[in-house]
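Note sheet for the following structure.
A short reminder: the numbers here are calculations on the coordinates, not readings from a lab. These figures come from a predicted structure and were not determined experimentally. All Cβ positions, glycine included, derive from the backbone under ideal geometry; neighbour counts span all protein chains shown.
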Amino acid sequence: METTARVLTVRDGRARIACDDRAACGACGRGGRCALKWFSGGAGATLEVPARTSDQFLLRPGQAVTIAVGDGEVLRAAATVYLPPLTGLLLGAAAGSALGVAGELGTLLMATVGGLAGWGVARTWSRNRPPSVSVKPIDGEAA
């Protein structure tokens, strides 16, 4: 998956880039249902990358770049985001049912707690290990 972005800032060897409104997945253009925005705490669809690309170009503020994410990275990121809450939800429901805590209401409560715990795990994992991306300056924009 590829999309274009613009470098916002460069500081301490790191560059913060923002995806254009027409991102590759189309979420930004459809009203902001972007997982990158959601997991970044509402800070917007920004990403922090090394200021020097693999081709040894130094990124600068305002520069247009292409961001590429491999299919395997997209799959890993999706699994990181979706599987822990689902697992927590199912394990919570199973535990509530097995323990017989307050009948169906207890099972529902345990499922909710498990889902929320899984969501917290997913959020932590996705922040600590974001997908690997390749950033390249758009032709004519290299410094």
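Here is a yes/no grid of residues against (1) surrounded by 14 or more Cβ atoms within 10 Å (Cβ to Cβ); (2) on the phi > 0 side of the Ramachandran plot; (3) among the small types (Gly, Ala, Ser); (4) touching a helix residue (DSSP H, G or I) at 6+ places or on another chain (Cβ under 6 Å):
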{"position": "64", "(1), (2), (3), (4)": "yes, no, yes, no"}
{"position": "113", "(1), (2), (3), (4)": "yes, no, no, yes"}
{"position": "127", "(1), (2), (3), (4)": "no, no, no, no"}
{"position": "135", "(1), (2), (3), (4)": "yes, no, no, no"}
TODO: Of the numbered conditions (1) free of Cβ contacts under 8 Å to residues at least 24 places away in the same chain; (2) surrounded by 15 or more Cβ atoms within 10 Å (Cβ to Cβ), residue 94 fails exactly one; give the number of that condition.
DONE: (2)
- [ ] Scan the range 66-89 for residues that are touching a helix residue (DSSP H, G or I) at 6+ places or on another chain (Cβ under 8 Å) and of a type in the set (D, E, K, R) and jot them down.
- [x] none
